[in-house]
Amino acid sequence: MRLVTKNEAVKRALIEELRKEGIRFEVRSRESYEAFVGYLIEGTLREIEEKIENLEGADVEAIKEGFLSFRESLNHVLEHLKAGEKADELLKEGLWVAELLDQLYRNGAIEYDGVNVKLKEGINVDELKFEFKFPFNLVHDPGKVEEKVKQFAFVDLVIEHEFEILELNIAKVNALGKIASKYFPEDYLLKAYFALVGRAILAEEILKALGDKKIPEEELIKGFLRASPIAVPTPKGTLVINYSRDSFEETLRLLKRLGYVEIKGGKVRKLKDLS
């Protein structure tokens, strides 16, 4: 089960917190990218709004919603910049902040002393030129759209960090969930969390089935495949855990790797419990 981030600061923080909690994991880093393919509209905020109104061959309502979100994000950043704020603190809100700060900087609208960033006195935001971008999938007739706006593609070559979570202890999986909730979106994290819980429950069931006996590996596998899926009642509902032969064997190999079972002569024996 994996968590993936392209943020170096998140990688460092996760490593530190997971080690502190004694959660088993491995990190692999590899080349990756961030990419955006779409269109760009340049101008003052009013000019951009007018260009969107006059677009043909595109989902204008969806583009309007995107521009509204752009303006709200800009206003949010400007509120921070009026009083001045540490750049590092502001950038923690996301990559979208860096994009807006870059546009304001190119407009000559902000001053930066190496630590703090602030909006310059007397700046009229309505007179500044901005770039608003929207994705290509909002366009159904490129020929008409490209009469009024420019194509835009952005590729950022980055390093992606994959955290392979090796933990089978439910208490530590719960601790992982609390840690990771600070760094990952809820919908992404929930799926990974329940996958880890499901694997931990399956691992616990395997150890219970073994007890103090040696069971032929093939017999153990077939017995669990017949029992799949496992339905686990909880105070809030039901967790259903489905698994294939391959995924079951992978869990069994992990139990062996972590020293919970021994597989020798085609038979499986429990060495210790998960707790």
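The values are calculated or read from the model by the stated rules, or taken from the named source; none is laboratory data. As the structure is a prediction and not an experimental result, all values here were calculated from the model. Don't worry about glycine lacking a Cβ; one is built from the backbone with ideal geometry, like all the others, and counts go over all protein chains shown. Just the protein is used for accessible areas: all its heavy atoms, side chains included, with ligands, DNA and RNA removed. Shrake-Rupley method; radii C 1.70, N 1.55, O 1.52, S 1.80 Å.
Placing R0 at 35 angstrom, the Cβ-Cβ distance between I230 and K6 gives a FRET efficiency of 0.50 after rounding to 0.05. Report note on the peptides 231-243, 190-202, 149-161: ranked by the mean count of other C-beta atoms within 10 Å, highest first, their order is 190-202, 149-161, 231-243. Projected label points at K222 and E56, each 7 Å from Cα along the beta carbon direction, are separated by 7.1 nanometres.
Taking the longest Cα principal axis of the chain as reference, the axis of helix 186-210 is set at about 0 degrees.
Between the beta carbons of K64 and E160, assuming R0 = 45 Å, the FRET efficiency works out to 0.85 to the nearest 0.05. One decimal place: the segment E147-D273 gains 38.6 nm when fully extended, by the rule 0.36 nm per residue minus the C-alpha distance. Its relative contact order, with pairs defined as Cα atoms under 8 Å and 6+ residues apart, puts the range 180-275 at 31 percent.
On a full-extension model of 0.36 nm per residue, what is the gain between L95 and E21, subtracting their alpha-carbon distance, rounded to one decimal in nm?
23.8 nm
Computed with a 1.4 Å probe over protein heavy atoms only, the accessible surface of the chain comes to 60 Å² per residue. Listed peptides 135-146, 66-77, 165-176 appear in the order 165-176, 66-77, 135-146 once ranked by packing, highest mean of other Cβ atoms within 10 Å at the front. Across the chain, the relative contact order, built from alpha-carbon pairs under 8 Å that are at least six residues apart, equals 28 percent. In the chain the Cα-Cα distances spread across 10 Å bins starting at 0 as 6, 21, 21, 19, 14, 12, 6, 1, 0 percent of all pairs. Length gained on full extension, S181 to E249, computed as 0.36 nm times the residue gap minus the Cα-Cα distance: 21.5 nm.
Stokes-Einstein diffusion coefficient for the range 169-270 at 4 °C in a medium of 1.567 mPa s, Rh from the Kirkwood formula over Cα pairs: what value in µm²/s?
My calculation gives 88 µm²/s for D.
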